[in-house]
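Comments concern the structure below.
The values are calculated or read from the model by the stated rules, or taken from the named source; none is laboratory data. All values reported here derive from a predicted model rather than from experimental measurement. As a convention, Cβ positions derive from the backbone with ideal geometry for all residues, glycine included, and neighbour counts pool all protein chains shown.
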Amino acid sequence: MSKYARLAAPVALLAGLASCGLQPMYAGGSSGAVARGLAAVDVAPIEGQAGWLVRNALRDRLAQSGAAADPRYRLDVLLDDDLEGLGLLTDETVGRERRTLRARYQLIDLANGEIVIDATAGSDAGIDVVSSEYATIAAEQTALENLAHEVADRIITRLMTALRAQS
């Protein structure tokens, strides 16, 4: 293979990649369509401790785009937080728990009441049940905090792709 043929192959691949249509999600920075769309989302209150955690995580991620004075969208979230015991030990006690956090959410266009997104997101975590009740409760709480962040990240990712498609 000649020197020029070896050089032509990577150049052809780069030319093909440039024409594939891929663009960064945050094209345009804070004035881009996705950033402006995220900044225009208002998160409705969510019930319970898990709701408080998820709402704060969502608002933190949306605030990175800058807050809009007049929101265009409202995000409604309904959570299902479940803690179930698994793995019975020989003395009939639970040795492991699974915490599951599921969210059903809708992004509503406030201008016309249209539902832009109607989707679900969720995650789960395993928790070891130990002899110290305090340590088990602390592990359950930490799992809930981590799950809230994970669910919020999944919701934001879905919002970003929908807002990107609209632009």
**Request:** Mind listing just one residue for me: the one in the range 117-140 that is acidic (D, E) and outside any strand (DSSP E or B) and, of those, surrounded by the most Cβ atoms within 10 Å (Cβ to Cβ)?
**Result:** E140
**Request:** For the range 104-117, state whether one or more residues are more than 22 Å from A35 (Cα to Cα) and touching a Ser or Thr at 6+ places or on another chain (Cβ under 6 Å).
**Result:** yes
**Fill in**
Subset of the range 26-77, residues part of a helix (DSSP H, G or I), farther than 15 Å from R154 by Cβ and modelled with pLDDT under 90, comes to G29, S30, S31, A33, V34, A35, R36, G37, A39, A63
**Message:** Testing C20 on (1) modelled with pLDDT of 65 or more; (2) exposed (fewer than 11 other Cβ atoms within 10 Å of the Cβ); (3) not charged (D, E, K, R), one condition comes back false. Which one is that?
**Reply:** (1)
**Prompt:** Got a number for residues in the range 86-109 being in contact (Cβ under 8 Å) with a residue 60 or more places away in the chain and out of contact with any Phe, Trp or Tyr (no Cβ under 6 Å at 6 or more places or on another chain)?
**Reply:** 0
**Request:** Quick one: in the range 66-119, of everything that is touching a helix residue (DSSP H, G or I) at 6+ places or on another chain (Cβ under 9 Å) and small (G, A, S), which residue is farthest from E145 (Cα to Cα)?
**Result:** A68
